[in-house]
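The structure appears right after this line, and notes come after that.
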Amino acid sequence: MDAHSLVLGRVASEVAKILRGKHKPNFTPHVDCGDNVIVVNAEKVRLTGKKWNEKVYVRHTGYPGGQRIATPRILMEKSPITLVEKAVRGMLPKNRLGRQLYTNLHVYAGSEHPHSAQQPKEVKF
């Protein structure tokens with residue numbers, strides 16, 4: 001899937017649906033029946049409104065006073081891959097199945113990826 005100039009949430013929901021296998025007629029909720037997904041051009045994804053500066057990702061280091069805050073702009077400067085990965089991971093189930101499904105996701109900042117031998121098909125939506 002090419003994320004060039006697409007809205008982050010819309011890309012993430014479509015990717016999560018394909019990872020989960022909900023587009024297939026033999027979908028089963030407790031089974032990994034989805035496909036592997038390759039997302040390219042993650043650095044060119046869009047956010048609407050003022051989300052680049054006002055949306056907040058909060059994490060905690062585990063130490064007292066260890067709350068850390070990051071905006072999408074900061075995450076994009078550090079690693080554009082993490083922005084797409086966080087969005088997709090938040091849309092997967094929060095259990096063993098979700099962790100297994102997440103391993104089928106491959107995100108790349110540029111337009112090149114090393115999976116050409118698997119002959120991936122481009123997904124349009």
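Overview of results
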| read-out | value |
| --- | --- |
| The range 3-61 - residue that is closer than 17 Å to residue 74 by Cα and among the β-branched types (Val, Ile, Thr) and, of those, surrounded by the most Cβ atoms within 10 Å (Cβ to Cβ) | 45 |
| Yes/no for residue 121 being without any contact (Cβ under 8 Å) to a residue 60 or more places away in the chain, assigned to a loop (DSSP other than H, G, I, E, B) and at negative phi | yes |
| Residue count for the range 106-117, restricted to those that are exposed (fewer than 14 other Cβ atoms within 10 Å of the Cβ) and in contact (Cβ under 8 Å) with a residue 60 or more places away in the chain | 4 |
| Residue list for the range 75-101, filter: touching a helix residue (DSSP H, G or I) at 6+ places or on another chain (Cβ under 7 Å), in a helix (DSSP H, G or I) and in contact (Cβ under 8 Å) with a residue 40 or more places away in the chain | 83, 84, 87, 88, 101 |
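All of the numbers you see were taken from the coordinates with simple rules; none came from a lab. Everything quoted here is computed from the prediction, not taken from an experiment. Cβ atoms come from the backbone with ideal geometry, glycine included; neighbour counts cover every protein chain shown.
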